[in-house]
1. Being more than 26 Å from GLN64 (Cα to Cα) and open to solvent by 30 Å² or more (accessible area, probe 1.4 Å): is that true of SER174 here?
2. For the range 46-74, which positions are modelled with pLDDT of 90 or more, over 17 Å from the mean Cα position of the chain (by Cα) and open to solvent by less than 30 Å² (accessible area, probe 1.4 Å)?
3. Exactly one condition in (1) open to solvent by less than 60 Å² (accessible area, probe 1.4 Å); (2) under 26 Å from VAL105 (Cα atoms); (3) of a type outside the set (A, V, I, L, M) is not met by ASP193; state its number.
4. Out of all the residues in the range 76-97, is one or more surrounded by 15 or more Cβ atoms within 10 Å (Cβ to Cβ), in contact with a His (Cβ under 7 Å, 6 or more places away or on another chain), polar (S, T, N, Q) and at negative phi?
5. So in the range 98-109, with the set limited to residues that are at pLDDT below 90, open to solvent by 60 Å² or more (accessible area, probe 1.4 Å) and of a type outside the set (D, E, K, R), which one is nearest to ARG123 (Cα to Cα)?
6. Is it fair to say SER138 is under 25 Å from ASP87 (Cα atoms), crowded, with 17+ Cβ neighbours inside 10 Å and over 16 Å from the mean Cα position of the chain (by Cα)?
7. Which one is most open to solvent (accessible area, probe 1.4 Å) among residues in the range 9-19 that are under 14 Å from SER38 (Cβ atoms) and touching a helix residue (DSSP H, G or I) at 6+ places or on another chain (Cβ under 8 Å)?
8. Could you please tell me which pairs satisfy a Cβ distance under 9 Å, a separation of 6+ or placement on different chains, a first residue in the range 111-127 that is closer than 21 Å to SER92 by Cα and open to solvent by less than 60 Å² (accessible area, probe 1.4 Å), and a second residue that is assigned to a strand (DSSP E or B) and among the basic types (Lys, Arg)?
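The values are calculated or read from the model by the stated rules, or taken from the named source; none is laboratory data. These numbers were taken from a predicted model, which means no experiment stands behind them. Ideal geometry is used to build each Cβ from the backbone, glycine not excepted, and the neighbour counts take in all protein chains shown. Please note that ligands, DNA and RNA were not included when accessible areas were found on the heavy atoms of the full protein model with its side chains. Shrake-Rupley method; radii C 1.70, N 1.55, O 1.52, S 1.80 Å.
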Amino acid sequence: FATYNQDMADQFRSLRLKAIVATAESFPSAASRANVESLFDCPVAMEYGTVETGPIACETPAGQYQCFWQNYFVESHDDPKDPAKHDLLVTSLFPRAMPLVRYEVGDQVTADSVQPPIMSFDRVIGRCNDYVELPSGSKIHSEAFAHVVRDFPQIAGYQVCSKADSIALLLQTSGDLDDAQTETIRNRLQTIDAGLAICQVLCVGELKRTVAGKTPAIVNL
């Protein structure tokens, strides 16, 4: 929205909005937040939640996520492979058709304190179960692919499509990548794991979406 409506910046700024709340997905690139803030001339806060729960937390001006403690009791357990990452567990504190008791959301966060209840956390890392399994048996987390493409401003989003015998990194771009940029991406992939040498790099107009309208980082076909 921000990318394709730069010519309307004056009209948007005249609204004098107090803040923009971003939701449903994380920002596709490091520049996204600054682009939205510039377009509307107001701060941007990221909301965090799931389809199953609704909003769980929201960013504060300090940059942390503040949990909606009156609605949810938030806990975590450590990732055995990386103690700095914590898998979220959510218990609902209000009546609902399907009670949630220590529900494993599937997302990981970083936090200074994980003593329950978690009142705030620093960053949402993403799905702990979003990974690509290579023919060698190696598992590559979706976050690794985010690091591969984050330095390219024309890349608006990415998605990894994995089949039994092939892997493709789909890039939604606002402009074509030249040969040198494509080669840089290929080299970064192989640095993560030599098995990613088989990964195709393809520019596409649109990424695949779920029935909920979300864009999964990993699609296993």
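1. When the stated conditions are applied, SER174 passes them.
2. CYS67, TYR72, VAL74
3. Just one mismatch for ASP193, condition (2).
4. yes
5. Among them, the one singled out is PRO99.
6. Judged against the criteria, SER138 is not a match.
7. The residue in question is ARG13.
8. Pairs found: ALA111/ARG123.
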